[in-house]
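Asks: What follows is a structure written as structure tokens; I'll ask about it next.
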Amino acid sequence: SDKSTGVVALVMLDLRRRGKVGRLGMCGTDGRKLPAIRAHMKAALGDVYSGIDPSCIETWPPDGVVDREAYVAAADAFGPGDVAVIFTPDDTHGPIARACLARGMHVLLTKPPVKTLEEHRSLAAAAADAGRLCAVEVHKRYDPIYRDARDRVPSLGAFSYFTAHMSQPKHQLDTFKARLLR
């Protein structure tokens with residue numbers, strides 16, 4: 001995978017190092033995993049990059065606690081005008097984004113933002129009602145590994161066999177299964 005060091009965490013920590021962002025928070029659903037995640041971030045980021053200190057990241061839920069709606073407490077801990085960067089399983093984007101927008105936060109979602117056109121319209125209306133920005137990022141667009149692949153494909157000619165590795169957990173892909181089978 002190209003994600004072993006954590007793209008979003010590294011970028012946010014670098015922006016903090018440069019004084020572009022202040023407080024950082026990270027929210028999951030299983031606080032039993034957070035100590036290991038923090039240790040990984042220290043080893044993969046803090047011990048490798050100068051001036052990068054992952055220990056500044058506040059986390060939700062508390063260590064040892066499992067809470068599928070920990071994002072509510074995390075959003076409550078931030079204020080209007082703060083930004084939520086949401087890179088969670090696809091089916092959770094909408095509820096988390098709406099909770100953040102309702103608290104006056106701006107929202108940046110990874111693709112896909114939500115599953116249906118109706119949900120897109122609802123999310124856009126929530127952002128407009130809150131007077132906040134809600135945007136979708138497409139970070140793979142400029143990653144060198146993907147740009148290189150895109151540039152090489154035309155020179156390969158016709159091919160009849162293709163294999164790929166999908167690093168996203170399969171259960172996340174099942175999010176759209178019911179819609180495709182209708």
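Asks: Take the residues of region 15-27 that are out of contact with any Ser or Thr (no Cβ under 6 Å at 6 or more places or on another chain) and either assigned to a strand (DSSP E or B) or open to solvent by less than 40 Å² (accessible area, probe 1.4 Å) (or both): which is farthest from A99 (Cα to Cα)? Working first, answer last.
Replies: As a first pass, look at region 15-27 and keep what is out of contact with any Ser or Thr (no Cβ under 6 Å at 6 or more places or on another chain): 15-25, 27.
Now narrow it down to the ones that are either assigned to a strand (DSSP E or B) or open to solvent by less than 40 Å² (accessible area, probe 1.4 Å) (or both): 24-25, 27.
Numbers: L24: 18, G25: 15, C27: 13 Å.
Per the criteria, the residue is L24.
Asks: To continue, here is another question. Could you please let me know if I37 is among the β-branched types (V, I, T), more than 30 Å from A128 (Cβ to Cβ) and in a helix (DSSP H, G or I)?
Replies: Working: among the β-branched types (V, I, T): yes; more than 30 Å from A128 (Cβ to Cβ): yes; in a helix (DSSP H, G or I): yes.
Judged against the criteria, I37 is a match.
Asks: I'd like the full set of residues that are assigned to a strand (DSSP E or B) and surrounded by 17 or more Cβ atoms within 10 Å (Cβ to Cβ), limited to region 71-84. Spell out how you get there, then give the answer.
Replies: Step one: filter region 71-84 for residues assigned to a strand (DSSP E or B), giving 83-84.
Listed by number, the list holds a single entry, A84.
Asks: Can you confirm whether region 48-70 contains a residue that is closer than 26 Å to A125 by Cα and open to solvent by less than 50 Å² (accessible area, probe 1.4 Å)?
Replies: yes
Asks: Continuing with the same structure: What number goes with the only condition from (1) surrounded by 14 or more Cβ atoms within 10 Å (Cβ to Cβ); (2) more than 21 Å from V136 (Cβ to Cβ); (3) in contact with a helix residue (DSSP H, G or I) (Cβ under 8 Å, 6 or more places away or on another chain) that D30 does not pass?
Replies: Condition (3) is where D30 drops out.
Asks: List every residue pair whose Cβ atoms sit under 6 Å apart, with the two residues 6 or more apart in sequence or on different chains, where the first one lies in region 92-106 and is over 9 Å from A75 (Cα atoms) and the second, anywhere, is acidic (D, E) and assigned to a helix (DSSP H, G or I).
Replies: What qualifies is G94/E119.
Asks: Another one. So is G94 open to solvent by less than 50 Å² (accessible area, probe 1.4 Å) and either at pLDDT 95 or above or assigned to a helix (DSSP H, G or I) (or both) or not?
Replies: Numbers: open to solvent by less than 50 Å² (accessible area, probe 1.4 Å): yes; either at pLDDT 95 or above or assigned to a helix (DSSP H, G or I) (or both): yes.
Yes: the conditions hold for G94.
Asks: With region 97-177 as the region, which helices (runs of 4 or more DSSP H) entirely inside it contain at least 1 residues that are open to solvent by 100 Å² or more (accessible area, probe 1.4 Å), on the phi < 0 side of the Ramachandran plot and at pLDDT 75 or above? Break it down into steps so the answer makes sense when it comes.
Replies: Numbers: elements: 117-130, 144-152, 170-173.
Passing ranges, in order: 117-130, 144-152.
Asks: For S55, indicate whether it is out of contact with any Ser or Thr (no Cβ under 8 Å at 6 or more places or on another chain), part of a loop (DSSP other than H, G, I, E, B) and of a type in the set (S, T, N, Q). Walk me through it before giving the result.
Replies: Working: out of contact with any Ser or Thr (no Cβ under 8 Å at 6 or more places or on another chain): yes; part of a loop (DSSP other than H, G, I, E, B): no; of a type in the set (S, T, N, Q): yes.
Answer is no for this residue.
Asks: What are the residue pairs meeting all of these: first residue in region 28-51, first residue more than 17 Å from F87 (Cα to Cα), second residue not in a loop (DSSP other than H, G, I, E, B), Cβ atoms under 6 Å, and 6 or more apart or on different chains?
Replies: K42/P54; L45/L10; L45/P54; G46/P54; G51/R17
The values are calculated or read from the model by the stated rules, or taken from the named source; none is laboratory data. Model, not experiment: these values are computed from the prediction. As a convention, Cβ positions derive from the backbone with ideal geometry for all residues, glycine included, and neighbour counts pool all protein chains shown. In case anyone asks, the SASA skips ligands and DNA or RNA and just uses the protein heavy atoms, side chains included. Shrake-Rupley method; radii C 1.70, N 1.55, O 1.52, S 1.80 Å.
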